[in-house]
Amino acid sequence: MTELWGMLALLILPLAAFIAWPLLRRRRGAGDDHLDGADADRTRRALYLEHKAELDAARANGAIGDSEYQSMHTELARKFLQEEGSAFRLAGIREGGRGLIVAMALLVPACAVGLYFYWGAHRELALYRDMVASQSGTADTAAEASITRRLRERTHTHPEDLSSRYVLAQRLLVGNDIEGAVAQYRYIVEREPNAVNIRAELAQALFFAGGSRITPEVTREVTAVLETQPSNPTALGLAGIAAFESGQFRQARDYWQGALSQMAPGSNAYQALAAGVARAEKALAEAGDGSEEAETSLAAAQQSPAAAAGENSIRIKVSLAESVSANPDTPVFVYARTAESPMPLAIVRLKAADLPTEVVLDESRAMMPGRSLKTVDSVQLVARLAVSGNARPAPGDWQGGVKALSRSDWDQPVSIAIDEKI
């Protein structure tokens, strides 16, 4: 805001100087103008008296009669009064013009600042500055919540602003308000159906909203994206998951390799996809489809740091407490997260009928590129029986967990019993 006021001052000061300079010059000459005006008045009055004396003398010596005297005297008086009136009107005009200039010099900047605040531009600037601070990592929790709240308000006051709505959707997804993110993405896609990248992000949000499952809606969105942009990495990643879940391991590997070729080596997204490729190659080998190409690819993936599951993986034994009863189809979510954010770094979806069981959280289970187990040194573990059926925690759900698990302990299996009601 300081920079804004500085720029306004730089714009207003030259205008004020331009207006004030002739006024100051006129003020310095105001005394002389006043004296010149007084001399002119005295001259006009002297001429009037001189002409009147001449008329009086002409009537006295009989040169003109009384009627001619009255006519000429009337004309002389009329002319004198007309000259006095013109001088008064000119002076009034000069004074009034100067007042108008002063009024405009004050009114124009005041109106400009008033309209600026009325239209809300100062709020947009403040929001932009806070978002820049958020991207640089200097915003605290309160500031982050304020940014999200103001973006929500803007979607109501400026529904045509799809850019702000897109930023809000991304923030809601990271903040684990998945349903809210889906609603914002849908709004954008309805109005911009050709926005392929946003459509791919909608598919990803729908995937998370469904508990990391490929639903028919996810499939439709992924298909629409790949028809327009076959190399879209987000859509390829989801297509690979769908193929893997249906047992089409070779196709899953091909999808993931297509996405992998577009990632920067060593990045979190690269590692997650490489781990997926390794899982697909292993599944191919176990299914008896272990061609030489598959075995070679599997060996390479296992030797690469990106597929080193042991480094960035956590084995968890999950069970239901004896006191907890649930429908066999009730979803169970097992995930790792940081203490600072509710957004999972890695997540697995099960059913109550699958328990007890052991799951592995690794790079292939990451929800978003750039946020995975590799990026942290300590995590919280949560296993939740979602009685409500929703991905987000809700009253009535049951859960268990580990409040803090440092990286040095990740090589040992962890046991979690779901025994605490929310």
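Could you work out how much longer the chain between GLU160 and GLU420 gets when fully extended? Use 0.36 nm per residue separation minus the Cα distance between them, nm to one decimal.
Details: separation 260, 0.36 × 260 = 93.60 nm, distance 4.48 nm.
Contour length minus Cα-Cα distance gives 89.1 nm.
Rounded to the nearest whole angstrom, the semi-axes of the ellipsoid equivalent to the stretch 164-258, taken from the Cα gyration tensor as √(5λ), stand at 23, 15, 10, largest first. Here each label is just a point 7 Å from Cα along the line to Cβ, and for ASN390 and ILE64 those points are 10.6 nm apart.
Compared with the direct C-alpha span, the chain from ASP377 to ALA287 gains 28.8 nm at full extension, assuming 0.36 nm per residue. Ordering ARG129, ARG407 by the number of other Cβ atoms within 10 Å of each residue's own Cβ, fewest first, gives ARG129, ARG407. Rounded to two decimals, the Cα-based Rg/Rh of the stretch 314-421, with Kirkwood Rh, is 0.95.
Averaged over residues, the count of other Cβ atoms within 10 Å places the peptides 275-281, 49-55 in the sequence 275-281, 49-55, highest first. Under 22 Å of direct C-alpha separation, and excluding same-chain neighbours fewer than eight residues apart, LYS421 reaches these lysines: LYS317, LYS351, LYS403.
Taking every DSSP beta bridge that has both ends in the stretch 314-421, the antiparallel portion is near 85%.
The calculated FRET efficiency for ARG191 paired with LYS351, based on their beta-carbon distance and R0 = 41 Å, is about 0.65.
Counting only Cβ charges, +1 for Lys and Arg and -1 for Asp and Glu, the dipole size of the stretch 182-273 around its Cα centre is about 120 debye.
FYI, it's all coordinate maths here, none of it is from the lab. Note that the coordinates shown come from a computational prediction; the quantities given were computed from them, not determined experimentally. No Cβ is skipped: glycine too gets one built from the backbone with ideal geometry, and neighbour counts run over all protein chains shown.
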